[in-house]
Amino acid sequence: MKRRRELFVGFLLILPALIVLGALYVYPLILSVYTSFTVGEKYGLANYAKAFDIYWRDIVYSVLISFVTTVVTLFASVVVSGYLRFRNWKFLELMYKLPLFIPFLIVGHAMRVFLAPHGTLNNLLTRILRIEELPGLSRSWIGLVWAFVWIMTPYATLIVLGAFRSLDSAYIEAAQNVGASKWKIIIDVLIPMCRPSIMVAFILTFVRTISSLTIPIMVGPASPNMITVNMMFRVNYFNDWGTANALGVISYLIVMVFAIYYLKFMAAERGGIKA
Amino acid sequence: MVVLKTEGLKKYYGDVKALDDVSVEIEEGELLAVIGPSGSGKTTLLRSVAGFVQLDGGKIYIRGRDVTDLPPEKRNVAMFFQNYALWPHMTVFENVAYGLKVRKLSKEKIREKVEWVLNFLDIGHLANRKPSQLSGGQQQRVALARAIVVEPDLLLLDEPLSNLDAKIRMRIRFELRSMLKKLNIATLYVTHDQEEALSIADRIAVMSNGKILQVGEPREIYRKPVNLFVADFVGVNCVVRARPEAVRKLGIAVPEGAEELSLVIRAEEAVLSRYNASIEKTPHDLLLNGVIVGRLYLGAKTRYEVKLQELDDNIFINSEEDFQLNEPVQVLVKEGSYFLYA
């Protein structure tokens, strides 16, 4: 009897959290999956057929852009983290965090100005290279990746640097001691020993990039587009919630591939200590 | 040939002097142990020689080459870390081979050297294991293998035996000494365990508060400590604070002008006997009268707390004999087993 009472009290205690989770997360998720399979009164795969038919290029494009962004971001954050692990440079410590406090909208606008055909970057480059004109990057995939990397690097760096810093210095000193340079140490000791955190940074960066809307609208090319932009078009211009949700579900599935890979990796990492 | 020479090393952490004018020398093949309590600066000394500490003054020479401003990877000294610091993602072979790989040796050369060192340390059969699959003693050997395989000018050992349990530690002491002697490699050995230092080192440096108080062979450190700190730190002792008159009555020469004296008695060498036993003593031996005020059974021996009559203080002495509480006893301390400091 007493045990039941305890269970009931325990349930009551977590109930508010469950309600919030259910109302704000589980319900919308189920609803969006449900909507993606309905057209008017009928159920079926019509929305998916339409989504793939019109947007298959954009789906591939989104995955590629997110992947390239993630790789470049991780490279940048490993370099910054490696540097800060060895040397205490207050200025860099502050600078790499700066983008964390700037809203995406502002970043988008700044990048448009910076990367425009006659923007800051091109003005500088034409002067240095002494040439007349350069194409602007602001409406190209390079500009988009550039803006994404600018935004994502601080988040990834926070995770990677945290892992680098929490690693016992003896592991690093042992490598230095037998003659390894700092670059060698980053590659042979820091990265392999901090793999779980780097994986987390990888997945978070990928997920945040593929789900971002503001930056692709402001900086990305008119076509192809990121999935998020297409979803917005479907809803705003065609009131087509079915296809929008089908695109949404497709992006969940893409992200889920990485999530499953991550979980498998973590399980292997935990069990990997054994023979 | 002198392998390591440090001249007036200084390192301050705020007001704390971690190294205060430290100069030591290590000869080819010599094992110098640095002992001292925690916070005495011995680990800072080791880490400065390795290049992990930015010094505030002084010079470090390795085989005559000034390495003071060289980064750790350019000094050709190999350090053994207290927690071993074996890279968990590499096998034993890869751990040991890493230093050679970094030095860009050929694959065959690396294999040859690593196999030699693993066999020398009797861990050849563990080559393909990961560090987490090894016992403490095995990890210790791998860490040692990783340090010596790069043929360093100088080996730095930071409390190499402290992570092993007491029984293994005793055995490994002998092994470690004979291994190092076979390799004939100059070694700086840091430990807080004075007994370990006495048994393993060719010479010992005793440190306290960033200063080296005495450097000498183990026997010299044990028999001729230069001050109260060294006398008390080495060996198992009792320190008795006494007035000069009381000490003079015991027949020991007392330095002039001292108000209070410290008498260090090597308790491990003091002999306890019954009140009426006849004892042979030379004029320089110390014979004290006392009463048993406490006893602790230890197995082979019993530890007695003895209240000394002449000195009005208590000391602790182990004895195989059986004494009762409140029994009057005599304590014989031979010449060379007690030291007097002002």
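The values are calculated or read from the model by the stated rules, or taken from the named source; none is laboratory data. Model, not experiment: these values are computed from the prediction. Positions of Cβ are generated from backbone atoms using ideal geometry, with glycine treated the same way; all protein chains shown enter the neighbour counts.
Considering region B:43-77, and only residues there that are in contact with an Asp or Glu (Cβ under 9 Å, 6 or more places away or on another chain) and assigned to a helix (DSSP H, G or I), the residue that is nearest to the other protein chains (Cβ to nearest Cβ) turns out to be B:Pro72. Checked against the criterion of being modelled with pLDDT under 95, within 15 Å of B:Val34 (Cα to Cα) and away from chain A (no Cβ under 14 Å), the candidates B:Leu183, B:Leu198 yield just one match: B:Leu198.
Kindly evaluate A:Asn47 against the criterion of being outside any helix (DSSP H, G or I), of a type outside the set (Lys, Arg) and modelled with pLDDT under 95. No; evaluated as a whole, the condition is false for this residue. Identification of strands (runs of 3 or more DSSP E) wholly contained in region B:247-342 with 3 or more residues that are within 21 Å of B:Pro225 (Cβ to Cβ) yields B:261-266, B:313-319, B:328-333, B:338-341.
A residue that is more than 8 Å from chain A (Cβ to nearest Cβ) and either free of Cβ contacts under 8 Å to residues at least 12 places away in the same chain or of a type in the set (Lys, Arg) (or both) occurs nowhere in region B:19-38. When B:Arg266 is tested against (1) in contact with a Phe, Trp or Tyr (Cβ under 6 Å, 6 or more places away or on another chain); (2) crowded, with 19+ Cβ neighbours inside 10 Å, just one condition goes unmet, and that condition is (1). If the condition is being in a helix (DSSP H, G or I) and in contact (Cβ under 8 Å) with a residue 40 or more places away in the chain, then region A:90-108 contributes A:Leu98, A:Pro99, A:Leu100, A:Phe104, A:Leu105, A:Val107, A:Gly108. Scanning region B:94-107 for residues that are within 8 Å of chain A (Cβ to nearest Cβ) and in a loop (DSSP other than H, G, I, E, B) yields a single hit, B:Arg103.
For region B:63-94, which positions are of a type in the set (Phe, Trp, Tyr) and surrounded by 21 or more Cβ atoms within 10 Å (Cβ to Cβ)? Spell out how you get there, then give the answer.
Applying the first criterion (of a type in the set (Phe, Trp, Tyr)) to region B:63-94 yields B:80-81, B:84, B:87, B:93.
B:Phe80, B:Phe81, B:Tyr84 - these are the residues of region B:63-94 that are of a type in the set (Phe, Trp, Tyr) and surrounded by 21 or more Cβ atoms within 10 Å (Cβ to Cβ).
I'd like the full set of residues that are surrounded by 15 or more Cβ atoms within 10 Å (Cβ to Cβ) and assigned to a loop (DSSP other than H, G, I, E, B), limited to region B:23-36. Residues satisfying the conditions are B:Val24, B:Gly29, B:Glu30, B:Gly36. Considering region B:211-245, and only residues there that are of a type outside the set (A, V, I, L, M, F, W, C) and in contact (Cβ under 8 Å) with a residue 60 or more places away in the chain, the residue that is surrounded by the fewest Cβ atoms within 10 Å (Cβ to Cβ) turns out to be B:Arg241.
In region B:140-227, which helices (runs of 4 or more DSSP H) lie fully inside it and hold 2 or more residues that are assigned by TED's automatic domain parsing to the domain that holds B:Gly51 and small (Gly, Ala, Ser)? Fully inside region B:140-227 and qualifying: B:166-183, B:194-200.
In region B:244-280, which residues are acidic (Asp, Glu) and under 20 Å from B:Ile315 (Cα atoms)? Before the answer, list the steps.
Going residue by residue through region B:244-280, those that are acidic (Asp, Glu) are B:245, B:256, B:259-260, B:268-269, B:280.
B:Glu245, B:Glu260, B:Glu268, B:Glu269, listed by residue number.
Yes or no, residue by residue, for (1) surrounded by 12 or more Cβ atoms within 10 Å (Cβ to Cβ); (2) under 32 Å from the mean Cα position of the chain (by Cα); (3) closer than 17 Å to B:Leu250 by Cβ:
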| position | (1), (2), (3) |
| --- | --- |
| B:Asn276 | no, no, no |
| B:Leu287 | yes, yes, yes |
| B:Arg295 | yes, yes, no |
| B:Lys301 | yes, yes, no |
| B:Tyr304 | yes, yes, no |
| B:Glu310 | yes, no, yes |
| B:Asp313 | yes, yes, yes |
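One residue stands out in region B:151-168 among those that are touching a residue at least 12 places away in the same chain (Cβ under 8 Å) and more than 12 Å from B:Phe80 (Cβ to Cβ): the one that is farthest from the chain's Cα centre (by Cα), namely B:Asp153.
Would you say A:Leu137 is surrounded by 12 or more Cβ atoms within 10 Å (Cβ to Cβ) and in contact with a Phe, Trp or Tyr (Cβ under 8 Å, 6 or more places away or on another chain)? Quick ask: steps written out before the conclusion?
Details: surrounded by 12 or more Cβ atoms within 10 Å (Cβ to Cβ): yes; in contact with a Phe, Trp or Tyr (Cβ under 8 Å, 6 or more places away or on another chain): yes.
Considered against the rule, which asks whether it is surrounded by 12 or more Cβ atoms within 10 Å (Cβ to Cβ) and in contact with a Phe, Trp or Tyr (Cβ under 8 Å, 6 or more places away or on another chain), A:Leu137 comes out as yes.
Would it be correct to say that A:Leu247 is away from chain B (no Cβ under 14 Å) and either within 27 Å of A:Leu144 (Cα to Cα) or buried (at least 16 other Cβ atoms within 10 Å of the Cβ) (or both)? Yes: the conditions hold for A:Leu247.
One residue is enough: does region A:243-262 have a residue meeting the conditions β-branched (Val, Ile, Thr) and within 30 Å of B:Leu144 (Cα to Cα)? Scanning region A:243-262 turns up no residue that is β-branched (Val, Ile, Thr) and within 30 Å of B:Leu144 (Cα to Cα). Residues in region B:120-133 include none that are surrounded by fewer than 17 Cβ atoms within 10 Å (Cβ to Cβ), within 14 Å of chain A (Cβ to nearest Cβ) and of a type in the set (Asp, Glu). A single entry from B:Tyr84, B:Tyr61 fulfils the requirement of being of a type in the set (Phe, Trp, Tyr) and over 24 Å from B:Gly29 (Cβ atoms): B:Tyr84. Close contacts from region B:82-93, counting a first residue that is under 19 Å from B:Arg47 (Cβ atoms) and within 7 Å of chain A (Cβ to nearest Cβ) and a second that is aromatic (Phe, Trp, Tyr) and crowded, with 18+ Cβ neighbours inside 10 Å, with Cβ to Cβ under 8 Å and a gap of 6+ residues or different chains, come to B:Ala85/A:Tyr171. Screening region A:170-215 for residues that are in a loop (DSSP other than H, G, I, E, B) and farther than 30 Å from A:Ser140 by Cα and picking the one that is farthest from the other protein chains (Cβ to nearest Cβ) gives A:Cys194.
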